[in-house]
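Visitor: To start, I am sharing the structure in question, which I have written as structure tokens.
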Amino acid sequence: MEKLQRRDLEQILGIYPPWKIKDITVDSVHEKLNVYLDQGGTKARFSFLSSPSREHVTTNAAPKGMTRYQWQHVRFGRFTTFIHADLPKSGHAQSGIPPVFLGDVNKQYTYQLAQTVALAKAKKLNEETISSLCGIDVVTVKAITTDIEASQSEKWASSLLPLETDAVWRAILTDDVNITTKLLPLKLLLSRLKLNVYNKKDSNVLQQSIAELRTFFVRHAQQLKSEYAQLGGHVPKAPSSNPSTQSNSKLILPGTKNRIWHEILSGSFELHSRNMPLNLIVSKLKKRYEAHPVATEQAKLVADLRNFFLKNARLLRAELTILTKMVRDASQSESSSSLPDLENQVWRQILIDDSIISSEKMNYRLLLARLRAIYHKEPDAAAEAQVIAQLRAFFDQNKRSMSSEIKQLAVLSSVS
């Protein structure tokens, strides 16, 4: 029974060989779930992990020559989930994409949690909303978004793709959903993975195949624009390595009255800067800011911090980039929704006849199939209202990728 429970949890969390769950501990008081992973005695395959800046200490010591790492993972029910894994102390960087249930050795969160936050951020959700939806604190959300903004890795390509745990990948590999492509390497990969999944009929093989397929999408993003669109996303432009191009984006230094300075000095937002002088002055000003709650005194401390940025702008480009984005995000007024309201009959028409909105977006078709099943199974008013709310929320969160469908909605709603 214990093995069955662990296997089920492996499937839920998307853990696949050679990794497996070695142990599970549940802290009901603090609502924490600790999942300890093991490679099952196989030789370590993931040598992309580099030496850590610090080691994580737990009550169970890691084997000799290994270091134990802990990463916060996506929430499991009401429990905050942490993944623990023993990895070699002397790892070396390797090209490739690691499994999403692990994390960077210098970070406190898994790649899947980072991708979840990145995807929510791409939907224009603010930190408080992301925190509520993902079940993680705002500080963690801000830390992840800060790292993503400063990163120049493949994250830009993967942030708008469905996660490895998304049902769309399973549907593609089991032929429940067809993806149209003209790219021969992708056709060959799909044929091989589908055949493997069909012959093996093993959940671990399926999860490994999903990881391989998603990795292919990330690595060949610029060649898969139409395929990305079929998955409900789009291929963003890669970060430019041309200095002249980057210089066209003007950096902004917030004014002294901007709330960003208050967030930094009050500790509600961390810049996670690698600039030692900046870290020292922020630490010093934080103590004085907390000790002097008078507005005039705090305004002087804000001015001191801003002046430091002004004098050291060349050395603080990464930090200024983060501040610039925060200012621009805050200055963007919330555009009024162009979607029909919940009472509009168009939503019921879609649930009754799914063909009235023409769309090839797989994530939309999967969601609509699930919602229609609920709608027809439980036709009461409460269930109907909940289903319509979920459908409208999907359109609202995917305005960019669903622009043509939203135009169809506007026409339909005007005659409803």
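Visitor: Determine the order of Met66, Met362, Met276 by accessible area, beginning with the largest, at a probe radius of 1.4 Å. Could the numbers behind the result be given before it?
Guide: Details: Met66 50, Met362 5, Met276 120 Å².
Greatest to least solvent exposure: Met276, Met66, Met362.
Visitor: Now, a different point. Label Lys187 and Ala385 with points 7 Å out from Cα along Cα→Cβ: what is the distance between them in nm?
Guide: 5.2
Visitor: Determine, from the Cβ-Cβ distance of Lys300 and Lys407 and an R0 of 60 Å, the FRET efficiency 1/(1 + (r/R0)^6), rounded to the nearest 0.05.
Guide: 0.70
Visitor: At 1.4 Å probe radius, can you tell me the per residue accessible area of segment 257-303 in Å²? Before the final figure, lay out the partial values.
Guide: Values: 3020 Å² over 47 residues.
For segment 257-303, the solvent-accessible area averages 64 Å² per residue.
Visitor: Heavy atoms only, probe 1.4 Å: what % of the accessible area of segment 257-416 goes to carbon and sulfur, would you let me know?
Guide: Of all accessible area on segment 257-416, carbon and sulfur atoms account for 53 percent.
Visitor: Compute the Rg/Rh shape ratio of segment 371-416: radius of gyration over Kirkwood radius, all on alpha-carbon atoms.
Guide: Rg/Rh for segment 371-416 comes to 1.05.
Visitor: Run the 1.4 Å probe and let me know the accessible area of Asp175, rounded to the nearest 10 Å².
Guide: 90
Visitor: For Lys407, give me every one of the lysines with a C-alpha distance below 23 angstrom, ignoring sequence neighbours fewer than eight places off in its own chain.
Guide: Result set, ordered by chain and number: Lys123, Lys124, Lys225, Lys361, Lys399.
Visitor: Can you list the aspartates and glutamates whose alpha carbon sits under 17 Å from that of Lys286, skipping same-chain ones fewer than 8 residues off?
Guide: Glu263, Glu270, Glu297, Asp304
The values are calculated or read from the model by the stated rules, or taken from the named source; none is laboratory data. Values in this document were obtained by computation on a predicted structure and should not be read as measured data. Backbone-built Cβ (ideal geometry, glycine too); neighbour counts: all protein chains shown. Side chains included, ligands, DNA and RNA excluded: accessible areas come from the protein's heavy atoms. Shrake-Rupley method; radii C 1.70, N 1.55, O 1.52, S 1.80 Å.
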